[in-house]
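Since the structure comes first, as structure tokens, the remarks are kept for the end.
Throughout, read-outs are computed from the coordinates displayed, never taken from laboratory work. Because the structure is a prediction, the values reported are computed rather than measured. Heads up, the Cβs are rebuilt from the backbone with ideal geometry, glycines too, and the neighbour counts pull from every protein chain shown.
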Amino acid sequence: MHIQEWLENIPAVSVYLLVALVIGLESLGIPLPGEIVLVSSALLASQQGHIDPVVLGVCATAGAIVGDSIGYAIGRRGGKPLLVWLGGKFPKHFGPGSVAVAERSFHRWGMWAVFFGRFVALLRIFAGPLAGVLKMPYWKFLTANVLGGVLWAGGTTALIYYVGIVAEPWLKRFSWLGLVAALVIGLGSMLLLKRRAAKAQTDAAAAAPAPAAD
């Protein structure tokens, strides 16, 4: 079967569920490529008429908001030990350096760290659980969570969809380039944030007082 025929036969509901599930789990605190999945799905919707971009955007938004809310509840209940446990399970994402970067963002921006964190890969994973750990008032968290979820998920879906429509003649010949670009952007942002997290961890270690001699 030709790749175009295979894409046309993908059930739309499976795309909606995949987007909602991946983004929801990422927002909950599990490191998954939510942004790459959303961009790829929106690009697919622009080329396949059976996938409704409005439904796709709604599913992505719902996954983002619900996932963040569950992450907040888990973080509020688990507290600091939860971050330690996550650091043991996912050291590349929840290591001391990454936690330090996220905590500085929260102390500096407050509830808006949840809002702006939706647009940054590392903070998108941290936002819900860390807001709960830091005991952010739920109404503040919910406000920033809903606004950020709608703007990020809905806005990304609309932007990529309309870019795909405009570039449809080109994408029909080089459709794989759009997916490659999405992968490069997602991986590039993760590498940049990992570098910043490593630098923060080094700075924190250097600033720590030396142990007293016996």
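Please report the net charge: other residues with Cβ closer than 14 Å to the Cβ of Leu38, K and R +1, D and E -1.
For residues surrounding Leu38, the net value is 0.
Report the gain in length on full extension from His107 to Val84: 0.36 nm times residue separation, minus Cα-Cα distance, nm rounded to one decimal.
6.4 nm
Tell me the net charge near Thr156. Cut-off is 14 Å between Cβ atoms, Thr156 excluded, with +1 for each Lys or Arg and -1 for each Asp or Glu.
Result for the neighbourhood of Thr156: 0.
Please state, rounded to one decimal and in Å, the Kirkwood hydrodynamic radius that the stretch 18-73 gives when every pair of distinct Cα atoms enters the mean of 1/r.
When all Cα pairs of the stretch 18-73 are included, the Kirkwood radius is 11.2 Å.
Could you list the residues of the stretch 98-112 with an amide nitrogen less than 17 Å from a label point located 7 Å from the Cα of Leu147 in the Cα-to-C-beta direction?
Under 17 Å, as judged by backbone N against the label point of Leu147, lie 106-112 of the stretch 98-112.
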